[in-house]
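The numbers here are math on the coordinates, done by the rules we state, and not lab data. All values reported here derive from a predicted model rather than from experimental measurement. Positions of Cβ are generated from backbone atoms using ideal geometry, with glycine treated the same way; all protein chains shown enter the neighbour counts.
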Amino acid sequence: MKIYTQAPLPFMGQKRRWSSAFKTALVSYSDCHTFIDLFGGSGLLSHFTKTVRPDARVVYNDFDGYTRRLAEIPRTNELLKELRAMLSGCPDNKRIEEPYRSRVLQAVERREREGYVDYVTLSASVLFSGKYATSLAQLRKETLYNTVRTSDYCADGYLDGITVTHEDYRALFDRWKSEDGVCFLIDPPYLSTQTSTYTGYWRLRDYLDVLRLLRHQLLLLHIREKLHHRAL
């Protein structure tokens with residue numbers, strides 16, 4: 001199984017920097033046979049979990065539509081290949097001036113009419129570092145830079161053996177909360193940070209909902225421990 005140290009496609013907030021600590025923590029949960037990634041994000045936590053615990057069932061809740069982006073990697077690579085050829089005469093890491101800017105936008109518009117454009121991934125190749133557009137309209141307002149990726153994207157084997165679902169995290173939690181041997185991975189979107197690439201907007205009340213889930217789970221664990229000690 002190929003081990004990815006970062007998500008195959010750009011994603012705001014992926015947890016590659018603390019992968020080692022996370023893997024170490026997973027080993028301590030030897031009594032868990034199912035891991036539920038409630039806010040799957042880029043799927044990196046699910047991927048890490050499966051590599052460390054290949055015996056376990058891993059459920060990746062694709063909260064942000066990341067698997068659609070993975071499925072469309074061939075289209076994304078085709079667009080980037082076209083842009084590389086189009087911008088071959090432009091200096092790297094510099095502003096894309098006319099007439100090249102208009103040509104880039106025309107190419108993106110054409111690809112959108114043909115079916116799909118992954119604007120988050122595209123942003124990493126034509127916008128200043130850290131900036132993202134999620135639509136053609138947003139892209140038109142931005143200053144474009146020639147930072148086109150020089151190699152193709154690939155996600156081969158990234159989600160092998162992982163169960164993918166797309167649903168409200170509360171429904172997923174309710175389905176598994178009473179099962180034994182289940183560990184929840186709870187990593188919601190950041191609060192008070194840039195959330196333009198997330199689905200919807202993450203508010204304080206959403207965090208309070210998550211805290212209620214955590215409280216329920218901790219209470220359930222406490223009850224189970226008391227029942228276990230009584231049985232002994």
ask   = So, with +1 on the Cβ of K and R and -1 on the Cβ of D and E, and no other charges, what is the size of the charge dipole of segment 1-155 about its Cα centre, to the nearest 20 debye?
value = 260 debye
task = Check cross-link reach from residue 177 to the aspartates and glutamates: straight Cα distance under 18 Å, and skip same-chain residues fewer than eight apart.
result = 31, 37, 167, 168, 187, 209, 225
request  = Would you please report the Å³ per residue occupied by the convex hull of the alpha carbon atoms in segment 18-100?
outcome  = 145 Å³
inquiry  = I need the calculated FRET efficiency for the pair residue 154 and residue 29, taking r as the beta carbon distance and R₀ as 41 Å, to the nearest 0.05.
reply    = 0.85
task = Report the convex hull volume per residue for segment 4-161, counting only C-alpha atoms, in Å³.
result = 110 Å³
task = Can you give me the P(r) profile for segment 69-141? Cα pairs, bins 10 angstrom wide beginning at 0, each as a whole percent.
result = 19, 59, 22, 0
query = Principal axis lengths of segment 123-180 from Cα atoms, whole Å, largest first?
reply = 52, 27, 17
task = Give a quick list of trypsin sites (Lys or Arg not before Pro) in segment 5-99 that DSSP marks as loop, anything other than H, G, I, E or B, with at most 13 other Cβ atoms within 10 Å.
result = 94
query = Any idea how far apart residue 171 and residue 143 come out in nm if each label point goes 7 Å out from Cα toward Cβ?
reply = 4.5 nm
task = Between beta-carbons, use under 11 Å as the cut-off and find the net charge around residue 166, counting Lys and Arg +1, Asp and Glu -1.
result = -3
query = FRET efficiency for residue 88 and residue 110, Cβ-Cβ distance as r, R0 = 25 Å, nearest 0.05?
reply = 0.85
